[in-house]
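Okay, structure first, notes after.
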């Protein structure tokens with residue numbers, strides 16, 4: 001087996017183990033539902049009788065053995081059946097799909113904006129490195145990282161109200177119905193979500209670039225008379241992008257947490273609002289499916305990023 | 001040389017002031033943080049209400065002092081849980097290697113795969129939204145961070161000469177772990193604990209903001225922000241000051257951790 005194939009097989013195996021563990025953990029969630037929650041599911045207007053409780057247990061499948069329950073659940077998940085919402089009776093998968101677009105749009109815009117600014121900003125900061133400005137960069141980025149995005153969102157709404165009274169800053173319209181209205185409503189949520197990660201990504205880019213600029217190959221390139229632009233863009237930047245891309249993959253998961261809160265601030269009907277609403281009404285199948293889908297999504301994205309390195313970086317391939 | 005580092009100084013001062021304000025909140029707070037007085041509702045900052053009053057006429061300054069208490073208590077408990085559970089798992093994995101290591105670290109990988117707030121939400125959805133379930137949830141979420149972080153240096157320490165010689169003269173595993181390995185991990189632990197406290201404050205505020213953390217009427221910074229949001233256009237003071245309080249609280253621990261990393265471990269200087 002070639003070394004590349006072996007790395008691929010090893011990583012694939014790791015991925016399977018993590019995904020399986022994930023499904024087991026998310027599945028066990030439903031077993032830990034407190035008893036009173038099952039009673040609440042019966043509804044407020046129904047008298048709780050042992051018969052009705054038993055019927056409900058049967059409906060959720062709590063009367064079967066743990067393994068049987070897991071097998072039937074995971075069997076459904078693998079063919080796209082995530083169960084039905086406890087309250088509306090609609091398939092959970094459809095409810096999630098209907099909300100997915102909003103969250104993906106918000107995440108893509110924020111991550112895209114942050115990356116597009118962080119790369120040049122980080123390079124610039126690495127290039128003009130001085131001890132005094134170093135401290136300023138550090139303090140500014142730390143303030144950015146600790147900035148609560150939901151607070152930033154509220155302040156932005158207040159500022160928009162004060163300075164641009166006609167600007168519709170909250171709510172959501174689908175891109176298909178009104179592309180401009182959609183994007184203009186996405187500006188403030190994007191800014192409040194992108195700013196904190198922009199700070200941390202610029203800092204990571206800066207230190208990756210500093211590392212790269214200190215390498216022997218950069219000195220060699222300069223010594224043989226390669227122009228400074230070429231040194232930065234062809235030699236240093238390409239190498240600095242490797243740790244940066246890893247950081248972007250990890251940030252994506254962190255960003256989702258931020259999106260949950262920002263959706264709440266700007267009244268965006270995305271996955272975050274869906275899951276928070278589901279907790280309020282104790283809609284466990286919905287909570288379970290959202291957590292499983294979102295987390296698996298990030299695991300697979302990070303796996304693909306990993307594989308990308310193996311494909312493009314010979315050092316990772318051989319390590 | 002430790003206190004000379006500017007980040008340690010500024011961060012340490014911020015942390016110290018907040019801890020003092022939180023501990024002595026009952027002595028400092030000019031008003032009852034829960035008692036409502038509708039006459040003073042949405043007062044702008046003045047001499048009698050330093051940071052203004054909220055929509056129920058409660059003094060913002062007093063509420064922020066008690067908010068610090070809730071936020072620091074939850075963060076401290078959660079990071080302590082993560083440090084003890086995660087740290088032990090990481091060190092034990094490194095010390096025993098083999099199957100223990102593989103099983104423990106795969107479990108940590110699974111936990112680590114969850115987006116942070118999403119896992120906290122999952123745990124809270126099972127335990128019910130209360131202040132102490134928030135602390136437990138954040139503690140579980142941070143466990144893999146400490147396990148992964150301490151495993152690396154512990155692997156090196158477990159192979160080092162002084163550990164090998166300690167074993168040679170008959171020291172037991174527990175003694176080696178506690179007397180020889182743990183003290184050498186102190187600086188890594190201190191830096192990560194400080195940085196984790198900084199983010200734990202933000203996570204607690206987020207969860208309370210979402211309504212699944214600290215429950216009213218207990219004063220909490222995230223909750224203050226959520227409750228005052230609907231009135232922010234009429235009276236922005238509560239929203240502004242609650243946010244500033246969250247920011248400075250988290251900032252203090254982050255600056256401290258960042259500065260400590262420089263002073264305690266020169267090898268890590270300038271890296272993330």
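Structure values in brief
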item	result
Chain A: angle of helix A:179-213 to the longest principal axis, Cα-based, in degrees nearest 10	50
Quotient of C-alpha Rg and 2.2 N^0.38 Å, computed over region A:92-318	1.18
5 Å-binned pair-distance histogram of region B:171-249 (Cα, whole percent)	3, 15, 17, 15, 11, 8, 7, 7, 7, 5, 3, 2, 1, 0
Inter-probe distance in nm under a simple model that places probes 7 Å from Cα toward Cβ, at residue B:84 and residue A:230	6.2
Number of partner chain Cβ atoms within 10 Å, mean per residue of A:172-183	0
Residues residue B:159 and residue A:54, FRET efficiency given R0 of 60 Å [Cβ-Cβ distance, rounded to 0.05]	0.55
Neighbouring partner chain Cβ atoms per residue of A:137-146, average, 10 Å criterion	5
On Cα atoms only, tilt of B:186-209 relative to the major axis of chain B in degrees	30
Fewest-first ranking of B:133, A:88, using other Cβ atoms within 10 Å as the exposure measure	A:88, B:133
222 nm mean residue ellipticity, helices alone, for chain A (DSSP H n ≥ 4; -39,500 (n - 2.57); rounded to 500)	-26000 deg cm²/dmol
For chain B, the fraction of alpha-carbon pairs in successive 5 Å shells from zero, as %	1, 6, 11, 14, 15, 14, 12, 9, 7, 4, 3, 2, 1, 0, 0, 0
Relative exposure of A:161, B:95, judged by other C-beta atoms within 10 Å (fewest first)	A:161, B:95
q = 0.09, 0.14 Å⁻¹, region A:191-319: log10 I(q)/I(0) [Debye, one scatterer per Cα]	-0.42, -0.78
Listed peptides A:114-125, B:250-261 by packing density, highest first (mean Cβ within 10 Å)	B:250-261, A:114-125
Label-to-label distance, nm, for residues given as residue A:133 and residue B:37 (7 Å Cα→Cβ offset)	5.2
Region B:136-171 versus region A:220-291: alpha-carbon centroid distance in Å	30
Relative contact order (%) - criterion: Cα under 8 Å, at least six apart; region: region B:71-237	31
Taking only Cα atoms of the protein assembly as shown, radius of gyration then Dmax in Å	25.5, 86
Chain lengthening between residue B:44 and residue B:103 when straightened (0.36 nm per residue, less Cα-Cα)	15.5 nm
Exercise: per-residue mean of other protein chain Cβ atoms within 10 Å, B:105-117	6
Largest-first principal axis extents of the Cα set of region B:82-159 (Å)	44, 18, 16
Computed [θ] at 222 nm, helices only, for chain B once each DSSP H run of length n ≥ 4 contributes -39500 (n - 2.57)	-23000 deg cm²/dmol
Degrees, to the nearest 10: A:92-127 long Cα axis against longest axis of chain A	20
Interatomic Cα distance distribution for region B:100-249, bins of 10 angstrom, percent	10, 29, 27, 18, 11, 5, 1, 0
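Just so you know, all these numbers are worked out from the coordinates, no wet-lab data involved. Bear in mind the structure is a predicted one, so any value in this text is a computation, not a measurement. As a convention, Cβ positions derive from the backbone with ideal geometry for all residues, glycine included, and neighbour counts pool all protein chains shown.
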